[in-house]
Amino acid sequence: MEKVIGIDLGTTNSCVAVCEGKGPVVVPNRGGYQTTPSIVAFADNGKRLVGHIAKRQAVTNAPNTVFGAKRLIGRRFESEEVAKTAAGVPYQVVDDGQGGVHVQAGGQTFRLQEISSFILGEMKKIAEDYLGHEVSKAVITVPAYFDDAQRTATKEAGQIAGLDVIRIINEPTAAALAYGEARAGSLNNLAVFDLGGGTFDISVLSVSDGVFEVVSTGGDTLLGGTDFDRRIIDYLAESFLAQYGIDLREDKVAMQRLREASENTKCELSFKRTAEVTLPFIATKDGQPIHLQQSLSRGRFEELIADLVEHCMEISVRTVEEGGLQTSDVSEVILVGGQTRTPLVQQEVEKCFGRSVSRGANPDEVVALGAALQGQALVSEDSDMLLLDVTPLSLGIATVGGKVSQLIPKNTTIPTQKKHSFTTVHENQNAVKIVVLQGEAEEVAGNKLLGEFLLSGIRPAPAGVPDVEVTFAIDADGIVSVTARDKDTGAEQSITVAVSGGLSDDDLNRLIEQREEFEVDQKQDESTGEAHYEVESLHRKVMDLLPAAEASVGGEDLHTIMDVLAAAKSAMNSRDPAQLASARDQLAEVYQTLRAYED
Amino acid sequence: MLSLRFALHLSPSGASGGDSDSSEEEQEFDFSLDDADADEFEGEIEIEDDEEGSVQQGFEHALSSADDGAATGAGGNDAPASGSESVDGLDLRADQISAIDSAWQGLDDKTLYEVLLLPRNAELRAIKRAYYRLSKEYHPDKFYRKNIGAYKEKLEAIFNKVTEAYRTLSDTEARKDYDTLVLGKSGRDVASGSEATATVDFVPEALRKKQAVEDKKNPKKAAKKAPPPVFIQKLQKQLATRIAKARKHMEEGERALAQGRDGDAASNFQLAMTLDPRNTKAKALFTKSRNAHRNGKAEELYRRSQEALLAEDTKRAAQLLQEAVDCKPTRGKYYSEFAKLINEHTLQQRVALEHMKKAVEVEPRNLEYTMDLAAAYVDLAMPTNAVRAYERALRLDPKNSVATKALKKLK
């Protein structure tokens, strides 16, 4: 059976797992770490760096280091979320010309799908190195609250990275799969409280006999650990500003150092009462270096983040109630995501649900493990596990007066579909525009625009006569599709789709080609590097032998040898594969000859 | 001009068996009536869309009693074809095939209890267990990326129905509504599972008849039976008015048609159709009368354009021809005449060409238009197109010497 990898594509860190004999295991990267930073950087020499190596150079190369791509993927440029994210990152976030988002780094412009594909490609490689063979199938996780555009973009990122994305699943659901895997039989209600680097999700599940039924799901796509960091950053920067009149947030390099220090401080405060922040030479004033030195107590930190935590609790209670349950009906609360390590978060969750929380599983790894399990369940013949997930957002269409007519309410089990009939308002009207929205607001304006569909080619007829049946479907990945059929003629109706932010097939194929080209280039680079090394070492060996052999080699031969050496030099300079290859062969011959003379 | 919003939800039980979503709905937005009488129907008739289908069932009930056979129902109960098709090459075991077929058989006629294979008094826990068990059997993921052919749609339909049953019956309120509105309080009191799994027809029509028989048997119980909810009564009344109104317009329209007043007939049929969307006769008659009306009107416009030409009022003639084209866009003659007019009086050969192309497009078997078009291509120095047009002309009339000569010359 083909192996399926499970990838937790996180805001700050990503993790890959695979099912082995006993169960799923996390695959460590080459550095031995279980997780890999979701960071892509472009070095001065044009090299692309992903993961720890990218993170290490982030301070010195801030404008060319892209992190937090998950906060931007599948979003519209004019959205508030993009503005908020763009304001806090050192790289350039720009409009793609169609309302989508591009980022600029290393002198190039990238779609977010590309950036994410670099990370996914790295995760794929990590798994392949571990397994010793190629993998192509993957289950990728997304926050439960991701809308259609974000899910589609994530799937596209996987495709660009050369993965067959067999399923997109929700992070909290994946966590529940990993956690509840061992237990079967009894009926249980679980809550998964997932506070990661960039997003907050809460899901309530009923579990019995291998069936995982998501009862309700809720969250906030723009609340996570980085917001906690941001509170510390602002606190430190404000006090520094008050003391020295310098705003560190305006200096990209200082800001990057501050960001790292804040994240470390936050982690330290999870097990220490106070943390010391020391950033020497952070700024200069009147030619004198200034250092940042400040201590932060856990109490002060908790004051800074109190409203964020409270916001999470409100969403949690609401979500449990939407599932027709009370917090007391929940027999187990699973904490997922690094940010749940903060003691205040744990305390509040325990208070909210009236029970102690489960911390058995490693919150950073549990999502990837669950994704691997789901992947195995899909491809294996005799799996007893079944996931019944829901759509987190209501799907509706715009009607007259800027109102929304809901077609598929949130928390509907997926896959699902809904048929809806459309007709015309005017005589001989040949097209109907359908505006598809995702969200809970009653007004069109408060929802996310999924796309505008033009039902065209309607037969000429009086108003109200044509009967076009449109099917809105949400597949198991949570991705929406629309098909139309003329009910009178049975003909498939042509639909012009203008989905916001999605890639066209052409674009997608082009990006896949680019990735393949890049891989070929990289392989070429590697083989060139190897050839270069061989030529270099042969060259050195020949030079070593030459003085001793000079006497025995004839004048003519000596000339030939000098020519070969000169050609090798120029091949090494040009790095041309053909030249290198011929130089290597010639050098090898010369070397053999000289060795013969030596004997 | 009055604008009203009207929403109809029709025929969940009569939907064809292949529909995977049984709570199919039909909705019409904002159509307008010029008729002053129409304000009788003012107001909003809107039914909340609901998962359990209970209100729709009630509505269907109301509709079938009101429309008095004026409209045809949506096709009756299509019994799904049994699993006789070839299963060769499918990744399905024989037991899976028979399980899917038997679950799909009569799916739309089953009560939600029957779908879950449960008795009417089943407890919440039992409902959940049944749902989980059936999901493990019929969820599309259990057949992920397998070649299951037409069984894919069946599976989706079954899973949708199972989910709908679970969602409705596990919600106390929704279950109560379903029990009273759809199954009827004094309907079948199913006490045991075996009885529940037997296929029992629950099409409202049949249910109503059954109810009437039971009521006769037990007049006391019938008297105690709760009346239908107020909104259904209201709907029934409104529908009855609409349908009566529609009938009046039908009669008026037929009279007008007999007297050759095609325009009046068309507008009456249109009104009847709008008032009673299921009236297919009105739709057919409307199309017929409107076409007749259009033909007459277009011909009249054409005649007047020829008069204008005689009076040397080119501008007026062009205008009238344009109107004729708009009125009857499927008639090649108007395009062709229009093209000639343009060619004679302007230098816009390309515009004329477009009209010639249009004439050929709507009447591809007309030799004259095809020849005209070919000649126009020659004039415009478009030999490839000209060759193709002459070849087409030769297919229509193989002995056409003009075309043959022209082709020879072109080649």
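The values are calculated or read from the model by the stated rules, or taken from the named source; none is laboratory data. Predicted model only: the values in this text are computed from it and were never measured. Don't worry about glycine lacking a Cβ; one is built from the backbone with ideal geometry, like all the others, and counts go over all protein chains shown. For the accessible areas, the whole protein counts, side chains as well, though only heavy atoms, and no ligand, DNA or RNA atoms are used. Shrake-Rupley method; radii C 1.70, N 1.55, O 1.52, S 1.80 Å.
Relative intensity of segment A:148-261 on a log10 scale, I(q)/I(0) at q = 0.16, 0.24 Å⁻¹, equals -0.88, -1.20, per a Debye sum over C-alpha point scatterers of equal strength in the absence of solvent. Average accessible surface for chain A: 42 Å² per residue, computed with a 1.4 Å probe over protein heavy atoms with every protein chain in place. Other residues within the sphere of radius under 14 Å centred on the Cβ of residue B:392, judged by their own Cβ, net out at -2 (K and R +1, D and E -1). Projected onto their three principal axes, the Cα atoms of segment B:293-410 cover extents of 41, 31, 19 Å, largest first.
Less than 5 angstrom separates the built amide H of residue A:4 from those of A:19, all sequence-distant by 5 or more or on a different chain. Keeping the other protein chains in place, figure out the carbon and sulfur percent of the accessible area of chain A, with a 1.4 Å probe. Answer for chain A is 48 percent, counting heavy atoms of protein chains only. For segment A:87-96, the Karplus equation 6.51 cos²θ - 1.76 cosθ + 1.60, evaluated at θ = phi - 60°, returns couplings of 5, x, 10, x, 8, 7, 10, 10, 6, 7 Hz by residue, with Gly and Pro reported as x. By the compact-protein rule of thumb, 2.2 N^0.38 Å, the alpha-carbon radius of gyration of segment A:383-459 corresponds to a ratio of 1.34. Rg over Rh for chain A works out to 1.07, using Cα positions for both radii and the Kirkwood form for Rh. Remark: for residue pairs A:137/A:419; B:161/B:248; A:419/B:358; A:155/B:146, the C-alpha separation exceeds 30 Å in A:137/A:419; B:161/B:248; A:419/B:358.
Accessible surface for segment B:293-410, divided over its residues, is 60 Å² per residue with a 1.4 Å probe. Computed from the C-beta positions of residue B:237 and residue B:404, the FRET efficiency with R₀ = 41 Å rounds to 0.05.
The residues of segment A:366-395 listed by number as losing at least 50 Å² of accessible area in the complex, against the isolated chain and with a 1.4 Å probe, are A:378, A:386, A:388. Enumerate the amide H contacts of residue A:169 below 5 Å, restricted to partners 5 or more residues apart or on another chain; note that Pro and chain-start residues carry no placed amide H. Amide H neighbours of residue A:169: A:140, A:141, A:142.
Charging the Cβ of each Asp and Glu at -1 and of each Lys and Arg at +1, and nothing else, the dipole of segment B:293-410 about its Cα centre rounds to 440 debye. Expressed as a whole number of Å, what is the distance separating the alpha-carbon centroids of segment A:452-483 and segment A:11-64? Cα centroid of segment A:11-64 versus Cα centroid of segment A:452-483: 43 Å apart. Packing-based ranking of A:243-256, A:135-148, A:434-447 yields A:135-148, A:434-447, A:243-256, ordered from highest to lowest mean Cβ neighbour count within 10 Å. A simple count of charges around residue A:74, restricted to other residues whose Cβ falls under 11 Å of its Cβ and scoring Lys, Arg +1 and Asp, Glu -1, yields +4. Hey, could you grab the Kirkwood Rh for segment A:195-268? Inverse mean 1/r over distinct alpha carbon pairs, Å, one decimal. Answer for segment A:195-268: a Kirkwood hydrodynamic radius of 14.7 Å.
Distant-in-sequence amide contacts of residue A:484, defined by a placed amide H-H separation under 5 Å and a gap of 5 or more residues or a different chain, comprise A:471, A:493.
Please list, by residue number, everything in segment A:532-566 whose backbone N is under 19 Å from a paramagnetic label point 7 Å out along Cα→Cβ of residue A:585. Hits in segment A:532-566 for residue A:585 at 19 Å: A:532-539, A:560-566. The residues packed around residue B:405, meaning those with a beta-carbon under 14 Å from its beta-carbon, carry a net charge of +2 if Lys and Arg are +1 and Asp and Glu are -1. For segment B:101-147 and segment B:377-407, what is the separation of their C-alpha centers, rounded to whole Å? Cα centres, segment B:101-147 to segment B:377-407: 66 Å. Mean separation of Cα pairs under 8 Å and 6 or more residues apart, divided by the residue count, gives chain A a relative contact order of 13 percent. Nonpolar atom fraction for segment B:307-411, defined as the carbon and sulfur part of the 1.4 Å probe accessible area, stands at 52 percent.
Extent of segment A:537-599 along its three principal axes (Cα atoms, max minus min coordinate, largest first): 33, 19, 14 Å. Once the partner protein chains are put back, segment A:404-418 shows a loss of at least 40 square angstrom of accessible area, versus the chain by itself, at A:413, A:415, A:417, A:418 (probe 1.4 Å, ligands and nucleic acids excluded). Can you pull the one-decimal nm distance between simple spin-label points at residue A:108 and residue A:525, each 7 Å off the Cα toward Cβ? Taking the two extended label points, one gets 0.9 nm. Pairing chain A with chain B buries about 3800 Å² of accessible area. This figure sums both sides and uses a 1.4 Å probe. In terms of packing, defined here as the mean over residues of other Cβ atoms within 10 angstrom, the peptides A:10-21, A:91-102 line up highest first as A:10-21, A:91-102.
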